[in-house]
Amino acid sequence: MKTYKKHALLIVLIPLLLNGCIPISTTTPKEIEDHKKKIEKERKERNEDVLTYTAEDYKAYDAQETEDITEELRDEIIQATKDYMKKNFHLDIQVHNILTNIDGVTVYFETKDHIHFFSEVRIPIDLINKRVLGDKVKYYDDLLDNAMKASLYAYMHEEQFSELDGLLGEVAEENDVVGIRKELIQNIGRQGYMTPYYYTNYLNSDEALIPVYQKYLDAPSSTKAELLEVFKSEDFDPEYIEIHIQLFMKEPDTEPDEKTFRLIMDKIKTGNQLPKGHYIITLNDNQKEKGTIDNRSLGSKQEEIIIE
């Protein structure tokens, strides 16, 4: 029997807190109106319609010389990424995007195996000699390890995640809401197990998945049943697997309303056989913040529940 407990409720309803306060010195109607126009312009520059935003032109670091060298070395960068992931994690990957950073490139990829996730690695480049330093590939903190643990959890509970996918598809169709574009996930997605409607986040405090992760690294051909055998279900705390559901109003200039949000929450709460985890559900307006997967738009509504 499925149980859940409400964790928190956050509803953002104060636009001025997000968009900036009108200066105290602004007193005339014209100054107030000019300030509102300035804030709205800045907001539009930071956001784009969720139905069109793909981060195709996103740049984390703007340096034309580095970009030119990166383009010359593109094939070597892709091969270095593939070699690293195969050697260290026994996974075949597809590279979707390469962005320059301060000392090289950040490579965004998707795994092609049954352990499926999106992530990134960073590869230094010797700009003077135009050489890819493939022996110095690195990743941020525990990004890859945690992405793999969350993906292993999804793999072991494949039917439950399939149920979640179907439920969110129904939610989108019935309530005129959407998720993010698949191309956006491919271009800058690094959160691990991801779909247009949600991404997962594994927290290091959990110990139940550690033996599963180690089993996979030691024996990558392990079956689902063999992985489940070493999964410490008695130590598993659903709070440590975050499932971030992010939905957006389909129509432009439409604020997320309480009725739609409650319908979505009720659908999730009454869903059958959903994966256990800490659900963070957010309903945004039509605007997607540029350069990021995570999102909290003006007027967004959010609630957290734990399904046990």
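For E174 and H114, the FRET efficiency from 1/(1 + (r/R0)^6), where r spans their Cβ atoms and R0 equals 22 Å, is about 0.10.
Shown for the chain: the carbon plus sulfur share of the solvent-accessible area, taken with all protein chains present and a 1.4 angstrom probe, equals 47%. For the chain, the spread of Cα coordinates along the three principal axes comes to 68, 61, 32 Å, biggest extent given first. FRET efficiency for the E226 to E163 pair, using the beta carbon distance and R₀ = 30 Å, is estimated at 0.80.
For the chain, list the DSSP H helices whose alpha carbon atoms reach 18 Å or more along the long axis and whose average Kyte-Doolittle value is 0.0 or above?
Values: long enough: 29-46 (26 Å, -2.73); 74-89 (22 Å, -1.26); 143-156 (20 Å, 0.45); 158-175 (25 Å, -0.72).
TM-like helix candidates: 143-156.
Residue-wise HN-Hα couplings along segment 118-134, as the Karplus relation 6.51 cos²θ - 1.76 cosθ + 1.60 with θ = phi - 60° gives them from phi, are 10, 7, 8, 9, 10, 10, x, 10, 7, 5, 5, 9, 6, 10, 7, 8, x Hz; Gly and Pro carry x.
Using a Cα-Cα cut-off of under 23 Å, which lysines could be cross-linked to K86, ignoring same-chain neighbours fewer than 8 residues away? Counting by Cα, and skipping residues close in sequence, K86 has these lysines nearby: K112, K136, K138, K149, K215, K224.
The loop-placed trypsin sites (Lys or Arg not before Pro) in segment 96-175, going by DSSP, that have at most 15 neighbouring Cβ atoms within 10 Å of their Cβ come out as K112, K130. Here the extension length gained between A219 and D237 equals 3.9 nm, from 0.36 nm per residue of separation less the Cα-Cα distance. What is the list of residues in segment 154-190 whose amide nitrogen lies under 19 Å from a point 7 angstrom out from the Cα of K259, following Cα to Cβ? It comes to 171-178, nothing else. Counting only protein heavy atoms and a 1.4 Å probe, the chain has 51 square angstrom of accessible area per residue.
The values are calculated or read from the model by the stated rules, or taken from the named source; none is laboratory data. These numbers come from a predicted model, not from an experiment. Heads up, the Cβs are rebuilt from the backbone with ideal geometry, glycines too, and the neighbour counts pull from every protein chain shown. Please note that ligands, DNA and RNA were not included when accessible areas were found on the heavy atoms of the full protein model with its side chains. Shrake-Rupley method; radii C 1.70, N 1.55, O 1.52, S 1.80 Å.
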